[in-house]
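The values are calculated or read from the model by the stated rules, or taken from the named source; none is laboratory data. In this text the structure is predicted, and so the values were computed from the model without any measurement. As a convention, Cβ positions derive from the backbone with ideal geometry for all residues, glycine included, and neighbour counts pool all protein chains shown.
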Amino acid sequence: MGAGIAQLAAQSGARTLLHDPIGDALECGLESIRAALARSAERGRLAPDDADAAAGRLEAAPSIDALADCELVIEAAPERLELKHELFGALESIVSERCVLATNTSSLPIAALAGVCARPQRVVGMHFFNPAPVMRLLEVVAGPDSDAVALELARATGRAMARHVIDAADGPGFLVNRCNRPFGLEALRLVSERIAEPEQVDRICRVGGGFRMGPFELMDLVGIDTGLEVARSFFAQSFGEPRWRPSPLTARMVAAGRLGRKTGRGFYDYRGGPHRPEDPELPAGGGGGAGPLAIIGGGVHAEALRAGAGAAGWTLADPERTSEEPAWLVVDCVGGALEDDAAWQSGPRVVLCAEGSLGMLDPAGSAVGFYTLPSSGLVELTRTQTSSALASQRAVEFFGSLGRLAEWVGDAPGLVLGRIVCQLANEAAFAVGEGIGTPADVDAGMRLGLNHPVGPLARADALGLDHVLELLEGLGEEYREERYRPAPLLRRHVLAGRLGESTGAGFHDPTPSAG
Ligand SMILES: NC(=O)c1ccc[n+]([C@@H]2O[C@H](COP(=O)([O-])OP(=O)(O)OC[C@H]3O[C@@H](n4cnc5c(N)ncnc54)[C@H](O)[C@@H]3O)[C@@H](O)[C@H]2O)c1
């Protein structure tokens, strides 16, 4: 990380000193920066003169004493508290009063680093994302005593490095890594409950959610042991927040030595080469028309499915006309019991699993359950022992006509993606409610720091905050665990009628388009 940050500093026009007590590491860092600058020039991303000038601003500092004149020191030493304490102590005895001390720590509280400093007001977090020259985000973290001058120098430095700067308060994972907790932890729960296999969860996240990588691919890349350490740290720092409880599944993987790519085996096997999942082609879509089709409900899901069904050539039944023949398929986006017993209702039924699981919404019934994001290339389907074969077959056919790939998973409110997306929104709502960051910074942070396709709060605004709340309440009802309690801010927005895009205000005001 240190080399990447130094590269950004040199490119920003600053005289940049790189210090590492290990001589080889220092040389290796300088070499990697020079090579990266040369590569950028070769690829036309940087003018050759600018690359040379940046390389010219870099200096090796084999001794920490060489940092005496620095206005800002950014430490990216190994993530060990005692080591960083020593480093900050040494720095304070060398640098001037005005020098700002920044840490790139991902997981240590800024308070714990500033606490040992004589001038804690000059200590701030400057949290870059890996690889620093590529990821456009800088999270500036205020410790309890950080003063405005120190914070503004950190922000200005980030802007000069062409990073998008967001602000975060101190706390486990600051803003971005905290808001991403459910991506891995919910995925682990889904697999532990046998609702889906790791490769299914990853495929659903990629194809259905637009994520570049699924959570299990990511865990294997980062290292399952590293992930478990981070999880333990969140749990310990929060004194046992149920949403952050580490997964016993990862503990078992670590005990078995299956740490991910680095040991050749994690959730995937790399011993025969890299894991390169080929996502299946999406159905071509179209070819509807065997109807009539009944789509029940008024939310974004029902509207998107109606529009898709119209485009695919389906005839939509009029739910008001009780004399209709049985529908070819009833697509129920409400999930409750239907009010009358009109003939069309006796057709095979597929129910949106948001407020509850299929087992809760249609106990011992013949329906099939589904969850999909309004504009998605994938639909998740679920069935119970009593679901009818006809409903299963027609659900696949209907969603195929909308160009959506069907993935069969186990039963739960929100199935896989609904549960992950709503828990991401919920965590972000807790963070905003606790003053860790603003909605705009959450969304920018998740997109630019972690490559999420859309920010979790913009996604919630697009889905409807009422939908997100219902789904979380469904999970709460199903599991009776505090883990699924909705964030107070989410509930307050819903009560105030701030439902997202449909009402013009939600987490964002006005709501931007989720794209
Ligand atoms: N790797 C990531 O994805 C990532 C992302 C964001 C933040 N961070 C944070 O950045 C920091 C470094 O992480 P990393 O992955 O680059 O670690 P790393 O182990 O790859 O590199 C640490 C470097 O620090 C050097 N070092 C050791 N003692 C030092 C000292 N006293 N003074 C200066 N340098 C010293 C080491 O020789 C090594 O070159 C950690 O605080 C980590 O939390 C890492």
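Table: residues versus (1) aliphatic (A, V, I, L, M); (2) modelled with pLDDT under 95; (3) in contact with a Leu (Cβ under 8 Å, 6 or more places away or on another chain).
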residue: Ala51; (1), (2), (3): yes, no, yes
residue: Ala66; (1), (2), (3): yes, no, yes
residue: Ile74; (1), (2), (3): yes, no, no
residue: Pro78; (1), (2), (3): no, no, no
residue: His85; (1), (2), (3): no, no, yes
residue: Phe88; (1), (2), (3): no, no, yes
residue: Asn104; (1), (2), (3): no, no, no
residue: Ala114; (1), (2), (3): yes, no, no
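Mind checking which pairs have a first residue in the stretch 78-90 that is farther than 14 Å from Ser107 by Cα and a second that is charged (D, E, K, R) and near the ligand (Cβ under 10 Å from one of its atoms), Cβ under 7 Å, 6 or more apart or different chains? Filtered contacts from the stretch 78-90: Leu87/Glu75. Answer yes or no: is there a residue in the stretch 171-194 that is more than 19 Å from the chain's Cα centre (by Cα), crowded, with 17+ Cβ neighbours inside 10 Å and under 18 Å from Arg419 (Cα atoms). Looking through the stretch 171-194, none of the residues is more than 19 Å from the chain's Cα centre (by Cα), crowded, with 17+ Cβ neighbours inside 10 Å and under 18 Å from Arg419 (Cα atoms). Among the residues of the stretch 55-87, the one identified as away from the ligand (no atom under 12 Å from the Cβ) and under 34 Å from the mean Cα position of the chain (by Cα) is Leu72. For the stretch 437-468, residues that are under 20 Å from Leu185 (Cβ atoms), aliphatic (A, V, I, L, M) and surrounded by 24 or more Cβ atoms within 10 Å (Cβ to Cβ) total 5. The residue list Ala148, Ala90 contains one member that is surrounded by fewer than 16 Cβ atoms within 10 Å (Cβ to Cβ) and more than 11 Å from the ligand (Cβ to nearest atom), which is Ala148. Count of the stretch 1-35 residues, restricted to those that are surrounded by fewer than 21 Cβ atoms within 10 Å (Cβ to Cβ), of a type in the set (A, V, I, L, M), away from the ligand (no atom under 11 Å from the Cβ) and touching a residue at least 40 places away in the same chain (Cβ under 8 Å), is 2.
Listed conditions (1) within 16 Å of the ligand (Cβ to nearest atom); (2) closer than 27 Å to Asp441 by Cβ; (3) in contact with a Lys or Arg (Cβ under 8 Å, 6 or more places away or on another chain) are all met by Phe235, apart from (1). The numbered conditions (1) without any contact (Cβ under 8 Å) to a residue 24 or more places away in the chain; (2) part of a loop (DSSP other than H, G, I, E, B); (3) within 15 Å of the ligand (Cβ to nearest atom) are all true for Met135 except (1).
Figure legend. Inter-residue proximity from the stretch 181-198: first residues at positive phi, second residues surrounded by fewer than 23 Cβ atoms within 10 Å (Cβ to Cβ), beta-carbon distance below 8 Å, spacing 6+ or different chains. Indicated pairs: Arg194/Gly410.
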